[in-house]
Amino acid sequence: MIKKKYTLVLGASPNPERYGNMVARRLHNAGKPFILVGIKSGQIAGVNIEKLSNLKKYDNIDTVTLYLSPKNQSAYEDYILSIKPRRIIFNPGTENPKFMNRAQNKGIVVLKACTLVMLASNTFD
């Protein structure tokens, strides 16, 4: 049996005007499984937002899409690398050359891209 591969949205927000919320709704509409992690609790498209402070060890993450500024990423870099995603998408404003190099050195694909645009143009897979 093939395990589902999830997208972890790091920086999800219950505020519908935030990009971390918009991308969760787009993933839901596209039928792509996702996990939400953020500072504020809530739900998006029926999926609970997990607290950043209670990060779980997931073993089925294909993609991490970042919605945290570079200064807010540092506390989560080791965690992200430990879950061994296939790729990390650095959305506009989240680019972090030091972390990007660390991830690439671990064999993780690094993209400077916009997950919303990728979903809209069918280039997300």
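The values are calculated or read from the model by the stated rules, or taken from the named source; none is laboratory data. It should be emphasised that the depicted structure is a prediction, and the values quoted were computed from it without experimental measurement. Positions of Cβ are backbone-derived with ideal geometry, glycine not excepted, and every protein chain shown enters the neighbour counts. Note: accessible area is taken over every heavy atom of the protein model, side chains too, but ligands, DNA and RNA are not part of it. Shrake-Rupley method; radii C 1.70, N 1.55, O 1.52, S 1.80 Å.
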Original post:
How much of the accessible area of the range 22-125, probe 1.4 Å, is carbon plus sulfur, in whole percent?
Top reply: 50
**OP:** Mind giving me the nanometre distance, one decimal, between the label points for Glu95 and Lys51, set 7 Å out from Cα along Cα→Cβ?
**Re:** 3.5
Original post:
Volume per residue, Å³, of the convex hull around the alpha-carbon atoms of the range 16-98?
Top reply: 105
**OP:** Using amide H atoms built 1.01 Å from N in the peptide plane, name the residues 5+ places from Glu50, or on other chains, whose amide H lies under 5 Å from its own.
**Re:** Leu36, Val37, Gly38
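Could you give the size of the charge dipole of the chain about its Cα centre, using +1 on the Cβ of each K and R and -1 on the Cβ of each D and E, expressed in debye and rounded to the nearest 20?
Rounded to the nearest 20 debye, it is 180 debye.
Would you mind calculating the gained length between Lys5 and Asp62 on full extension (0.36 nm times residue separation, minus the Cα-Cα distance), in nm to one decimal?
Going from the current span to full extension adds 20.0 nm.
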